[in-house]
Amino acid sequence: MVPFLWWASPLTAQSFSAEICTWKDDRPAAVSITFDDASYTQYEYAYPILSKYHFKATFSLVGEWTKEEASYSAEPGMFQIKKMGWPQIRRLHQDGHEIASHGYRHQRYDRHLPIDTLAAQMKKNKTLIERHTGAPCYTIHYPYSFAWDETASAAQKAGFWFGRTGDDTDNSATPSNLWMLKSRAILNDTIPDLSAFKEWLEQARGKWLILMYHHLFPKGSKEMHILEYHKVRNTYSLYPETFDKQMQMLAQTGYWVAPIKTVGKYIIERQHTRLRTYRCIGRFIIKLKTDLGNEYDEPLTLRVKVPWPQVSVKINGKENVYANTQGTLLLEALPGSKIVIKKQ
Ligand SMILES: [Zn+2]
């Protein structure tokens, strides 16, 4: 359709616009809560706390540690920690949490191996997870957060979309390498303390913060005793009540909290979608042009300005009526969609 000429007057043109929000629901930042090693305490303590705040997280498992039932395991020479079994993993998956790979073995990937060999090693755990959950496994948390350029290339070759390392910082809104995502580790119950944790959150404004957790042992538990006895400083463990306080703090930020695959997909879609807008009498049309396929199923949030106080919005043929008292609408649509906004 050819836009009518009189809509080209500058004054009118200003009152129509559409753009893709950096983050879902136009939130000020994105945060992913991630767990390593599939410690049973994550299921026992973190899972209910996450549910309380309606957060979905990313849980990564080591293939050879994951059995039909919860069981004890460790690297040679380390004390054994109870790990989740497949029933707990499936429950988390069914509840909307992401299940990621943490290597079939809890060993650093050898960067000197040929990329194909490395990729085959990585693929083993991906295939295992997909067989048990019946869903694609998108994300790898490298064992010991140990990753080089070669590791990242191998992860991509193995079919992962995202890879998480350490680095103790956050990611920009458009990370340069999705297979080298940075994260901040919770080292023990007081590192970070609550004020440092708050600082992390404040610094993440506009960006993507990935938090890395391991175990949640209660005060007085056998495991905390062992760690204290051996004077382990970085226990990678915290008390469930500390985790609860951190989650409460996170909830208060109004940031978008979602698994790595969800935030990652949103970023890819945002980068691969261009808006084409058309105006004509009583109508504003937005097309989300993309080169992506339909496996990109995270709706993008659009900030749309139209001057009409009441509008009907048709997204791919499905119609809704909105009051538009602020002059700005937040709309959700998948890449490839067509949106028709009509004056009511
Ligand atoms: Zn680990």
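Some points to look at:
- Single residue of segment 131-162 satisfying the filter (among the charged types (D, E, K, R) and buried (at least 16 other Cβ atoms within 10 Å of the Cβ)) that is farthest from the ligand (Cβ to nearest atom): Lys157
- Failed condition for Lys289, given (1) open to solvent by 60 Å² or more (accessible area, probe 1.4 Å); (2) modelled with pLDDT under 95: (2)
- Residue within segment 174-181 that is in contact (Cβ under 8 Å) with a residue 60 or more places away in the chain, touching a Gly at 6+ places or on another chain (Cβ under 8 Å) and surrounded by 16 or more Cβ atoms within 10 Å (Cβ to Cβ) present: yes
- Conditions (1) in contact (Cβ under 8 Å) with a residue 60 or more places away in the chain; (2) within 16 Å of the ligand (Cβ to nearest atom): number failed by Gly166: (1)
- Verdict on Ile315 being outside the structural domain of Gln203 (by TED's automatic domain parsing) and open to solvent by 20 Å² or more (accessible area, probe 1.4 Å): yes
- Count of segment 234-273 residues which are assigned to a loop (DSSP other than H, G, I, E, B) and within 16 Å of Leu216 (Cβ to Cβ): 5
- Filter pass, Thr325 being assigned to a strand (DSSP E or B), of a type in the set (Ser, Thr, Tyr) and outside the structural domain of Asp36 (by TED's automatic domain parsing): no
- Close Cβ contacts (under 9 Å, 6 or more residues apart or on different chains) running from residues in segment 88-112 that are under 12 Å from Tyr144 (Cα atoms) to residues that are of a type in the set (D, E, K, R) and crowded, with 18+ Cβ neighbours inside 10 Å comprise His102/Asp36; His102/Asp37; His106/Asp37.
- Number of positions in segment 99-113 that are over 13 Å from Gln42 (Cβ atoms) and either within 15 Å of the ligand (Cβ to nearest atom) or surrounded by 19 or more Cβ atoms within 10 Å (Cβ to Cβ) (or both): 8
- For segment 67-85, filtered to residues that are closer than 15 Å to Thr41 by Cβ and of a type outside the set (Gly, Ala, Ser), the residue that is modelled with the lowest pLDDT is Phe79.
- Of all residues making up segment 13-37, the number that are in contact with a Phe, Trp or Tyr (Cβ under 6 Å, 6 or more places away or on another chain) and under 20 Å from Met122 (Cβ atoms): 1
- Count of segment 44-92 residues which are away from the ligand (no atom under 16 Å from the Cβ) and within 30 Å of Thr253 (Cβ to Cβ): 15
- Any hit, segment 24-36, residues being within 16 Å of the ligand (Cβ to nearest atom), among the charged types (D, E, K, R) and surrounded by 23 or more Cβ atoms within 10 Å (Cβ to Cβ): yes
- Screening segment 17-130 for strands (runs of 3 or more DSSP E) wholly inside it with 2 or more residues that are under 16 Å from the mean Cα position of the chain (by Cα) returns the ranges 30-35, 58-61, 98-101.
- Long-range neighbours under 7 Å by Cβ, at least six apart or interchain, first residue within 18 Å of Ile81 (Cα to Cα) within segment 200-224, second at pLDDT below 95 and open to solvent by 60 Å² or more (accessible area, probe 1.4 Å): His214/Tyr236; His215/Tyr236
- Flag for Gly282 being at pLDDT below 95 and of a type in the set (Gly, Ala, Ser): yes
- Residue match in segment 207-227 (condition: open to solvent by 30 Å² or more (accessible area, probe 1.4 Å) and touching a helix residue (DSSP H, G or I) at 6+ places or on another chain (Cβ under 7 Å)): yes
The values are calculated or read from the model by the stated rules, or taken from the named source; none is laboratory data. On a predicted model such as this, the values are computed, not experimentally measured, just so you know. Note that we place each Cβ from the backbone using ideal geometry, even for glycine, and neighbour counts take in every protein chain shown. To get the accessible areas, we keep the full protein, side chains included, count just its heavy atoms, and leave off ligands, DNA and RNA. Shrake-Rupley method; radii C 1.70, N 1.55, O 1.52, S 1.80 Å.
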